[in-house]
1. Say we look at the stretch 248-271 and pick out the residues that are over 20 Å from the mean Cα position of the chain (by Cα) and farther than 25 Å from GLY149 by Cβ; which of these is surrounded by the fewest Cβ atoms within 10 Å (Cβ to Cβ)?
2. Considering every residue within the stretch 156-175, establish whether at least one is more than 19 Å from ALA196 (Cβ to Cβ) and touching a residue at least 60 places away in the same chain (Cβ under 8 Å).
3. Quick check on my filter: what residues within the stretch 86-96 are over 28 Å from THR288 (Cα atoms) and assigned to a loop (DSSP other than H, G, I, E, B)?
4. Take the stretch 282-314 and flag every residue that is hydrophobic (A, V, I, L, M, F, W, C), in the same structural domain as LEU50 (by TED's automatic domain parsing) and under 21 Å from the mean Cα position of the chain (by Cα).
5. Check whether at least one residue in the stretch 118-128 is among the aliphatic types (A, V, I, L, M) and either in a loop (DSSP other than H, G, I, E, B) or not assigned by TED's automatic domain parsing to the domain that holds ASN155 (or both), and report yes or no.
6. Check ALA49, ALA83, ALA71, ALA58 and return the single one that is without any contact (Cβ under 8 Å) to a residue 40 or more places away in the chain and closer than 30 Å to GLN290 by Cβ.
7. Can you pull out the helices (runs of 4 or more DSSP H) entirely within the stretch 214-314 that have at least 1 residues that are in contact (Cβ under 8 Å) with a residue 24 or more places away in the chain and touching a Pro at 6+ places or on another chain (Cβ under 8 Å)?
8. Residues of the stretch 174-198 being of a type in the set (Val, Ile, Thr) and farther than 21 Å from SER235 by Cβ, which ones?
Amino acid sequence: MTQPTPVLIAGPLLPSLQTAVDTHFAATHYWELADQQAWLQAHGASIKALVTSGVYGASAALLGQLPNLEAIFSFGVGYDAIAVDVARDRGIVVTNTPQVLDDCVADTAMGLILDTLRRFTEADRYVRAGKWPQARFPVAVKVGGKKLGIVGLGNIGQAIARRAAAFDMEILYHNRSPKAGVDYRYFADLDAMISACDVLVLAVPGGKATDRLIDGRRLALLGSKGFLINIARGSVVDQPALIQALQQGTIAGAGLDVFEAEPQVPESLLAMDNVVLLPHVGSGTQETRQAMGDLVWKNIEGWFYNGKRPLTPV
């Protein structure tokens with residue numbers, strides 16, 4: 001009788017996905033191991049696949065202890081936490097879950113735009129604190145008519161643009177090259193686009209190429225009436241520079257779904273009313289998370305049961 005294929009699960013998964021992996025494979029829950037290094041030394045060579053996520057990733061050090069690894073299946077669209085170069089050099093396939101989360105992440109971006117400019121959650125806190133009978137809440141900033149600059153017009157960036165256009169925002173974008181089939185204004189120069197927009201939305205992958213792409217100098221280009229929205233990765237922004245810009249009024253406000261050292265959020269950000277803070281919930285709906293889990297499983301099936309043909313290799 002054929003023995004189940006040994007796989008390693010890096011961290012807790014969507015329950016239905018984890019059940020499927022546990023049922024069909026000889027799965028080890030890496031996060032539950034009392035001595036991970038000892039286990040890897042004893043069993044790492046047996047592992048054929050790693051099931052992980054954008055949170056848990058797959059470091060070069062971990063891959064080095066899995067010498068016979070064939071594939072990495074990641075729950076999430078971003079793969080900056082995975083040592084993709086190491087995997088590529090060793091012929092290890094890496095898959096992610098693109099497109100199925102585009103709409104919900106774009107909804108989150110649009111929600112942050114509305115909330116940050118209109119100050120909705122700040123107003124909610126104002127009412128709950130009993131301040132309304134003493135004074136009216138200060139006026140906010142209109143969304144319609146503002147210039148929205150999107151950094152990265154991929155699937156998520158385009159979904160954000162469609163939503164923002166419905167709110168009568170003018171769409172500008174910066175990409176490595178102009179995007180075919182869109183009418184939005186293209187900027188080859190990122191600085192020029194930041195200087196021209198009122199709201200800057202980050203929709204680029206994390207990783208070395210975008211590390212601290214938005215630094216203090218670029219925040220100054222956004223200006224004292226400008227707003228930053230980040231649904232990409234915390235690493236894309238120089239977080240200390242952002243805190244300083246918010247404190248000093250260099251920019252008007254920010255809406256953040258991602259942070260530099262999640263789930264840790266600096267006290268200085270928590271103390272400010274001109275920033276909206278979300279706990280990385282961009283794709284956090286039942287429907288989208290299930291679709292992501294289903295796609296991970298389809299990639300696993302494609303590799304192990306359909307001739308090593310995963311659906312969405314990176």
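The values are calculated or read from the model by the stated rules, or taken from the named source; none is laboratory data. All values reported here derive from a predicted model rather than from experimental measurement. Reconstructed Cβ throughout: ideal geometry from the backbone, glycine too, with neighbour counts over all protein chains shown.
1. For the stretch 248-271, the residue satisfying everything is GLU267.
2. Yes - at least one qualifying residue is present in the stretch 156-175.
3. Correct list: GLY91 only.
4. ALA291, MET292, LEU295, VAL296, TRP297
5. No.
6. Criteria check complete, one pass: ALA83.
7. Those helices (runs of 4 or more DSSP H) span 239-248, 286-305.
8. Correct list: VAL182 only.
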